[in-house]
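Visitor: Attaching a single structure in structure tokens format; questions to follow.
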Amino acid sequence: MTQHDMIQTEPVEISVARQGVFDRQRRLWGYELFCVGNTEDTPSGIPSEQNVPIRVASSAGVGLQRMINREKRVLVSLSEKNILDDQAYALPPAITTIFVGEQTFMKPGVAARVEQLKSDGFPVAVPTFTGSPGCVDLYRMADIIGITVKDRPRFELEPAIAAVLEHGATPMACLVPDTERFEICQELGFDLFKGGFSKVAEIVPMRKVASNQVVRFNLLKALESGERDIQALAEQIQSDASISFRMLTYLNSASFGLTHKVKSIPHAISMLGWHKIRNWLRVVLLSDINDGDENSELLLAAAQRAKFLELVARRYSFWGFEPESMHLLGLFSLLDAMIGIPMKEIASFLPLDSGLKAGLCGDPDSEYLPLINLVRDLEEARWAEAEVAVSRLNLDNAGTKAAFQEAVDWAGELTSMMEEK
């Protein structure tokens, strides 16, 4: 696996990121896939990508076959060009739902092509419902219709969902910010949900940190002790058969591109180096702490946050933040959502200073909170809010987007290998 120490700010290839879509029981239903990266015609760093389906189909990080095996669906937004050029056929209709925006649908020739895609087995979704009379045919074809729920009162949502149900479509709540709004949307009759609520902790009363999780936290503390004792680290890894087996399996896989097979844990550490081994082990330990397979999206998001915050700290040194500390901040930022225990209780187990713990606990005065909010906007594809935050933080759009893209690629490669264990 390639790990870069610095951010590339020149135009780079487009990467594919994903956002979880959940059902009424907060179980993972599927993914919305979107492209990220810098292009010459979009200095903001938000790609105006004309080949989204092809990018998605060819992206190893997306893992379409894994999604098929796990019976998860993907939602992919199509542009006018994507539709007229029949690019959707690069994706398997068995798992792919195509997003068709209302403005796109009203372009010449698009409606007929969408009708054909529908007849060829592609379910159709509308990302944002307005009730426009010019889109009645689109609503008629739609299997899923999205309604933006953030900052909208209940009395506005009730007629909107009634209209969606009249068209016979499944209503999807978009930009659901928290658990309270999720529960309101449940009551209103929404069946699918996406937004920040999925990263907000559902605290389970009386739940305590389990003994096996404590063991993993203790290993994390040893890993972050500040001493690069390779022999001591190797001994700790070797004492855990599960971690040892995964390390040797992963490092001998083609993804790492090593010229020689790794024969032992000390050999692995010496070949890859302390920094790479530590980043890998951090995610493995977090995966073991993670409570259940349905939280795989949280692990992916945590890994993305870790790499993004590390890269921002390296690129924008004027912040004065330590890159390694920022990596840990991102990695641990979703632990409360993963295991259903308040962050303040979890923080006592973490190898962090008081300032970083305050940031994790959402202290409004924390100097880290603005960067955590920025990465939330990016991972939920809230591009307008992200651009405002970038300006406020005195960053630049291209560099920020490049950092996010690299984080998407890094986390995708790492967690996809872990999913295959």
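Bear in mind these aren't lab numbers, they're just calculated from the coordinates by the rules spelled out. It should be emphasised that the depicted structure is a prediction, and the values quoted were computed from it without experimental measurement. Neighbour counts run over all protein chains shown; Cβ positions are idealised from the backbone, glycine included.
Visitor: Provide the net charge surrounding A162, with neighbours chosen by a C-beta distance below 15 Å and charges set as Lys +1, Arg +1, Asp -1, Glu -1.
Guide: So the environment of A162 carries a net charge of -3.
Visitor: Let me ask something else. V214 to R154: extension gain in nm, 0.36 nm per residue of separation minus the Cα-Cα distance?
Guide: 17.4 nm
Visitor: First measure r as the distance between the Cβ atoms of I230 and T179, then evaluate 1/(1 + (r/R0)^6) with R0 = 56 Å and state the FRET efficiency to the nearest 0.05.
Guide: That gives a FRET efficiency of 0.80.
Visitor: Moving on. Within a Cβ distance under 13 Å of E379, other residues only, what is the Lys/Arg minus Asp/Glu net charge?
Guide: My count for the surroundings of E379 gives +3.
Visitor: Over the Cα atoms of the range 211-419, Rg to Rh with Kirkwood Rh, two decimal places?
Guide: Computed over Cα atoms, the ratio is 0.96.
Visitor: List every residue whose amide H lies under 5 Å from the amide H of G30, counting only residues 5 or more places away in sequence or on a different chain, with H placed 1.01 Å from N in the peptide plane.
Guide: V21, R73
Visitor: Still on this structure, please answer the following. Can you count the Lys pairs in the range 211-419 whose Cα atoms are under 19 Å apart, with each pair 8 or more apart or on different chains?
Guide: 9
Visitor: Spelling out what I want: for every residue of the range 173-188, take phi, set θ = phi - 60°, compute 6.51 cos²θ - 1.76 cosθ + 1.60 (Karplus), and round to whole Hz; glycine and proline get x.
Guide: 7, 10, 6, 7, x, 7, 5, 4, 5, 4, 5, 4, 5, 4, 4, 6
Visitor: Arranged by the count of other C-beta atoms within 10 angstrom, fewest first, what order do K118, K401 take?
Guide: With the fewest neighbours first, K118, K401 line up as K118, K401.
Visitor: While we're looking at this one, here's another question. Each residue of the range 309-324 in turn: what ³J(HN,Hα) in whole Hz from Karplus with 6.51, -1.76, 1.60 and θ = phi - 60°, glycine and Pro shown as x?
Guide: Per residue, the Karplus-derived 3J(HN,Hα) values read 5, 4, 5, 4, 5, 6, 6, 10, 5, 5, 5, x, 8, 6, x, 5 Hz.
Visitor: Once label points are set 7 Å from the Cα along Cα→Cβ at both T128 and E187, what is their separation, rounded to one decimal in nm?
Guide: Taking the simple label geometry, T128 and E187 are separated by 2.7 nm.
Visitor: Determine the gain in length on full extension of the stretch R26-E166; use 0.36 nm per residue of separation and subtract their C-alpha separation, reporting nm with one decimal.
Guide: Additional length available on full extension: 47.9 nm.
Visitor: Could I ask something else about it? In whole Hz, what ³J(HN,Hα) sequence does the range 270-278 give by Karplus (6.51, -1.76, 1.60; θ = phi - 60°), x for Gly and Pro?
Guide: With coefficients 6.51, -1.76 and 1.60, one gets 5, 6, 8, x, 4, 5, 5, 4, 5 Hz.
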